[in-house]
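The values are calculated or read from the model by the stated rules, or taken from the named source; none is laboratory data. Since we're looking at a predicted model, the values are computed, not measured. So basically every Cβ, Gly included, is an ideal-geometry build from the backbone, and we count neighbours across all protein chains shown. For the accessible areas, the whole protein counts, side chains as well, though only heavy atoms, and no ligand, DNA or RNA atoms are used. Shrake-Rupley method; radii C 1.70, N 1.55, O 1.52, S 1.80 Å.
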Amino acid sequence: GAVVSQHPSWVICKSGTSVKIECRSLDFQATTMFWYRQFPKQSLMLMATSNEGSKATYEQGVEKDKFLINHASLTLSTLTVTSAHPEDSSFYICSARAGGGGPDTQYFGPGTRLTVL
Amino acid sequence: LAKTTQPISMDSYEGQEVNITCSHNNIATNDYITWYQQFPSQGPRFIIQGYKTKVTNEVASLFIPADRKSSTLSLPRVSLSDTAVYYCLVGTDNNAGNMLTFGGGTRLMVKP
């Protein structure tokens, strides 16, 4: 149980285009999903927290107009990188919180490798 | 948020037991300790979670002293496939958003 999927697993796009990444919790409902970015040889950096049916909460320094997050259902959150540039190339990982009222266990997706040319 | 400190890297050999210690001096009363494993180009994978004393599952053990200011992840008889980055996190589910912050992690290299 507690499986999180991401689609696509990798994407290459031209500078200036927009890219949408999907995150799904396959066997549980996730009221909260999180989006991380990871650069090579670095740790995961939280970008935003996504709550179903409400606006996402962005971490300091993350542009909300550039990284659009939609959490339309309890099993799906999407991250859209708008007008992507080469510096947005990174490994994007989502996670979903399972359960509630207990320890914070997050289950992570396999990640999406974005390369902007 | 409780900050964690881990060794940057560790080397081991196949068949050995590996112990990775994490310091979290300002852990809060409600915080749990969670360890994740990450392979290159993959998302982190949950290994084990505990609050105090000792927790054991099919892949690892977690030792937490009484003061909870540190914890040790123990991997018995590692294999080459255990080469990965291991992250120690502390946090709690209090509906206040994401209480898990990733530190630098420990890069474990298992050699034949």
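What to note about this one:
- If the condition is being within 17 Å of B:THR56 (Cα to Cα) and not hydroxyl-bearing (Ser, Thr, Tyr), then the range B:23-41 contributes B:ILE33, B:TRP35, B:GLN37.
- Enumeration of residues in the range B:42-55 that are open to solvent by 60 Å² or more (accessible area, probe 1.4 Å) and within 13 Å of B:SER71 (Cα to Cα): B:TYR51, B:LYS52, B:THR53, B:LYS54
- Verdict on A:GLY53 being of a type outside the set (A, V, I, L, M, F, W, C), under 19 Å from B:GLY103 (Cα atoms), more than 14 Å from every other protein chain (Cβ to nearest Cβ) and surrounded by fewer than 21 Cβ atoms within 10 Å (Cβ to Cβ): no
- Condition met for B:ILE33 (in contact (Cβ under 8 Å) with a residue 24 or more places away in the chain, within 14 Å of chain A (Cβ to nearest Cβ) and assigned to a loop (DSSP other than H, G, I, E, B)): no
- B:VAL85 touching a Lys or Arg at 6+ places or on another chain (Cβ under 7 Å), β-branched (Val, Ile, Thr) and at pLDDT 95 or above: yes
- Which listed residue, of B:PHE39, B:PHE63, is farther than 24 Å from A:THR31 by Cα and open to solvent by 70 Å² or more (accessible area, probe 1.4 Å): B:PHE63
- In the set (1) over 14 Å from the mean Cα position of the chain (by Cα); (2) at negative phi; (3) of a type in the set (Ser, Thr, Tyr); (4) modelled with pLDDT of 95 or more, A:SER54 fails one condition alone, (4).
- Check on A:SER25, among the hydroxyl-bearing types (Ser, Thr, Tyr), more than 10 Å from every other protein chain (Cβ to nearest Cβ) and crowded, with 21+ Cβ neighbours inside 10 Å: yes
- Scanning the range A:1-23 for residues that are without any contact (Cβ under 8 Å) to a residue 60 or more places away in the chain and in contact with a strand residue (DSSP E or B) (Cβ under 7 Å, 6 or more places away or on another chain) returns a single hit, A:GLU22.
- Extreme residue, nearest to B:SER70 (Cα to Cα), among residues of the range B:17-26 that are open to solvent by 90 Å² or more (accessible area, probe 1.4 Å) and touching a residue at least 40 places away in the same chain (Cβ under 8 Å): B:ASN25
- Where B:SER70 falls short, out of the listed (1) modelled with pLDDT of 95 or more; (2) in contact with a Gly (Cβ under 9 Å, 6 or more places away or on another chain); (3) among the hydroxyl-bearing types (Ser, Thr, Tyr): (2)
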